[in-house]
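Take a look at the following structure, please.
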Amino acid sequence: TATLVQLNILNQGDMLCHGCYGFCLRFHFRAFSSPSVHPVELQQWRKGLKDWSSGGWLHMNAAGASPASQEVHDATSKMLQQERELGGYEAEARYRQHGRDARQAAAELLGCDAEEIALTESAQSAWAKAFGCLDFRPGDRIFCWASEYAGNAVAFLQAKKKGAQLKILPMQADGTVDVQSLCRELESPSSSRSVVALTHVQTNSSIIQPAARVGEIAKRFNAIFLLDTCQSIGQLPVDVRSLNCDFACGTGRKWLRGPRGTGILYARKSALPMSKDGRLEHSDSVYKLVGEPLMIDHVAVSWTSSETYQLSPGARRFEMWESSPALHAGLAAAIDVCKSIEPYRIWKRSSFLAELLRQNLRQIPGLRIRDAPEEFAGQRCAIVTFEASQLGIASEFIKDVLAQRRITSSVAPPFHTFNEQEWARPSTLRLSPSYYNTEDEVYTVANAIREIVQNGAFEWSAAALLSDPFVFGATRKRPLTVTLFRSKVQQEAI
């Protein structure tokens, strides 16, 4: 009876009453200590967000797209209003004169100079611009590890078609990259130029890879270091100087809580060649692999004569003329909010909430935590992934059911790796709390997932199920045994 009461409360959109200690996961973790946050401060972080108990959405998808902060919403809306009143060009001119430069804000966050920052449409766009400027010739080497983001991996394969050698390095049993394998490869005598690529935090993993160690090795052996910081900027402290990376990328929509359609590219100034009399001049022979951007316009370069052009200094060469000042204003506001809270503090609070979520999920029979191998003993970030395939429940279905309860999540496919054997694994559900979430929200999500699993996913949501276009022949009179794979519903009547 107590369980049914709590189900009814959830259906009404209220927080759990915790009246049934045997059922409620929160009871088992009451003593779990939390980083201190003043209620007024938490209220400020959540300003503009409607509480789940009042009919709003419970945001648990910072690794996908966070809800914009009030500051971001205000900055973006203000710029759009000015464009409407003054016209786009006049509004942009005033913003350039009086507004906050997103490049400067990003430089302050990442510990570099503003001229080393380019604004892009996304982290993937930023990464592609950096990788695309590498002027590969036959024999050049690309080093990456088996666990690699798919969007980056296919670019490596494209470069391989042009003659570059792709060296895929092994992972260790605990899920971290094998740094010593990189040392051995770079120590071997070779006249080839080398690029080392690393994803700081993988899209479906809680492991923070040892980027500083990789950067140190790359620097020692004169290799270009390309670091994908898409999941770390805004979630963790990222200092590009201490990481020794030559290029890094980030996005506004994830942990920074910025607007979609915004990205950040860091490009070390000393790594970028300058053009003179139609030739490229490098500050150091180490960077001769770095060439011009694949695509240029009259912002990326200066048209110096009818036959020549000169690359813009710094990272602005990776930008083009058309962009959105409103999005840039929102991005600048998002970065400033992140700085004011402090990235280290964001990481500690977010990772605490994620670990609290993992401990709750571990108590649910049939669930497998997948964001790190059991051998991993290091500190984790705030990405939590799990799956319930042994119960015949697909991650895609859990995501859909959570969305019916106004809880955001993502599905992480298994193919972000060069190891094809892992592609046969089921997709995982990804949850990623951030600093603006509460412990109550963690317990609410965990209990909702417990209900989905314990009730076989269908019993408590029959009405929604019968309206699902993927369900065929379902009737209320016949019990069902349900197996789900990749959002396809297969069923057979008992």
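The values are calculated or read from the model by the stated rules, or taken from the named source; none is laboratory data. Quick caveat, the model's predicted, so the values are computed rather than measured. Reconstructed Cβ throughout: ideal geometry from the backbone, glycine too, with neighbour counts over all protein chains shown. Note: accessible area is taken over every heavy atom of the protein model, side chains too, but ligands, DNA and RNA are not part of it. Shrake-Rupley method; radii C 1.70, N 1.55, O 1.52, S 1.80 Å.
Of the residues that sit in segment 35-55 and are in a loop (DSSP other than H, G, I, E, B) and among the hydrophobic types (A, V, I, L, M, F, W, C), which one is nearest to Glu439 (Cα to Cα)?
Going through the qualifying residues, I end up with Val37.
Conditions (1) modelled with pLDDT under 95; (2) on the phi > 0 side of the Ramachandran plot; (3) touching a Pro at 6+ places or on another chain (Cβ under 8 Å), marked per residue:
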{"residue": "Lys47", "(1), (2), (3)": "no, no, no"}
{"residue": "Ser53", "(1), (2), (3)": "yes, no, no"}
{"residue": "His59", "(1), (2), (3)": "no, no, yes"}
{"residue": "Ser66", "(1), (2), (3)": "no, no, no"}
{"residue": "Thr76", "(1), (2), (3)": "no, no, yes"}
{"residue": "Met79", "(1), (2), (3)": "no, no, yes"}
{"residue": "Arg84", "(1), (2), (3)": "no, no, no"}
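Right, here's the next one. Can you spot a residue in segment 128-138 that is over 30 Å from Arg279 (Cα atoms) and among the basic types (Lys, Arg)? Talk me through it step by step, then tell me what you get.
Narrowing segment 128-138 to residues over 30 Å from Arg279 (Cα atoms): none.
No; the residues of segment 128-138 include none that is over 30 Å from Arg279 (Cα atoms) and among the basic types (Lys, Arg).
Of everything in segment 379-406 that's surrounded by 21 or more Cβ atoms within 10 Å (Cβ to Cβ) and of a type in the set (Ser, Thr, Tyr), which residue is modelled with the highest pLDDT?
Only one residue fits best here, namely Thr385.
Kindly establish whether Gly330 is open to solvent by less than 10 Å² (accessible area, probe 1.4 Å), within 30 Å of Gln81 (Cα to Cα) and at pLDDT 95 or above. Break it down into steps so the answer makes sense when it comes.
Numbers: open to solvent by less than 10 Å² (accessible area, probe 1.4 Å): yes; within 30 Å of Gln81 (Cα to Cα): yes; at pLDDT 95 or above: yes.
Taking the combined requirement at face value, the residue satisfies it.
While we're on this one: Looking at segment 174-184, is at least one residue within 20 Å of Ser434 (Cα to Cα), surrounded by fewer than 18 Cβ atoms within 10 Å (Cβ to Cβ) and in contact with a helix residue (DSSP H, G or I) (Cβ under 7 Å, 6 or more places away or on another chain)? Steps first, please.
The initial filter retains those residues of segment 174-184 that are within 20 Å of Ser434 (Cα to Cα), namely none.
Within segment 174-184, not a single residue is within 20 Å of Ser434 (Cα to Cα), surrounded by fewer than 18 Cβ atoms within 10 Å (Cβ to Cβ) and in contact with a helix residue (DSSP H, G or I) (Cβ under 7 Å, 6 or more places away or on another chain).
Quick grid of which residues meet (1) touching a Gly at 6+ places or on another chain (Cβ under 7 Å); (2) free of Cβ contacts under 8 Å to residues at least 12 places away in the same chain; (3) outside any helix (DSSP H, G or I):
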site	(1), (2), (3)
Ser351	no, no, no
Ile364	no, no, yes
Ala372	yes, no, yes
Asp400	no, no, no
Tyr435	no, no, yes
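Looking only at segment 117-156, how many residues end up being open to solvent by 10 Å² or more (accessible area, probe 1.4 Å) and assigned to a helix (DSSP H, G or I)?
11
I'd like the full set of residues that are assigned to a loop (DSSP other than H, G, I, E, B) and either open to solvent by 40 Å² or more (accessible area, probe 1.4 Å) or closer than 24 Å to Ser434 by Cα (or both), limited to segment 221-232.
Here is the first cut: in segment 221-232, the ones assigned to a loop (DSSP other than H, G, I, E, B) are 221-223, 229-232.
Correct list: Phe221, Asn222, Thr229, Cys230, Gln231, Ser232.
Taking the stated definitions as given, is Thr444 more than 23 Å from the chain's Cα centre (by Cα), more than 30 Å from Ala197 (Cα to Cα) and modelled with pLDDT of 95 or more?
Numbers: more than 23 Å from the chain's Cα centre (by Cα): yes; more than 30 Å from Ala197 (Cα to Cα): yes; modelled with pLDDT of 95 or more: yes.
Against the criterion (more than 23 Å from the chain's Cα centre (by Cα), more than 30 Å from Ala197 (Cα to Cα) and modelled with pLDDT of 95 or more), Thr444 qualifies.
Right, another one. In the set Phe247, Phe221, which member is of a type outside the set (Lys, Arg), under 20 Å from Trp127 (Cα atoms) and either free of Cβ contacts under 8 Å to residues at least 24 places away in the same chain or touching a Leu at 6+ places or on another chain (Cβ under 8 Å) (or both)?
Phe247
To continue, here is another question. Arg362 - would you say it is charged (D, E, K, R) and over 16 Å from Gln235 (Cβ atoms)? Before the answer, list the steps.
Numbers: charged (D, E, K, R): yes; over 16 Å from Gln235 (Cβ atoms): yes.
For Arg362, the condition - charged (D, E, K, R) and over 16 Å from Gln235 (Cβ atoms) - is met.
Also: May I ask you to list the residues in segment 233-256 that are farther than 21 Å from Val72 by Cβ and either surrounded by fewer than 24 Cβ atoms within 10 Å (Cβ to Cβ) or not aromatic (Phe, Trp, Tyr) (or both)? Even if it seems obvious, please write down each step before you answer.
Kept after step one, since they are farther than 21 Å from Val72 by Cβ, are these residues of segment 233-256: 239-248.
Matches in segment 233-256: Asp239, Val240, Arg241, Ser242, Leu243, Asn244, Cys245, Asp246, Ala248.
So, one more: Quick one: in segment 157-173, of everything that is within 19 Å of Ser191 (Cα to Cα) and part of a loop (DSSP other than H, G, I, E, B), which residue is least open to solvent (accessible area, probe 1.4 Å)?
Of everything passing the filter in segment 157-173, Ala164 is least open to solvent (accessible area, probe 1.4 Å).
Related question: Can you tell me which residue among Ala248, Ala315, Ala212 is modelled with pLDDT of 95 or more, assigned to a helix (DSSP H, G or I), within 30 Å of Lys348 (Cα to Cα) and not aromatic (Phe, Trp, Tyr)? Give the steps one after another, and end with the answer.
Numbers: Ala248 fails: assigned to a helix (DSSP H, G or I); Ala315 fails: within 30 Å of Lys348 (Cα to Cα).
When all the criteria are applied, what remains is Ala212.
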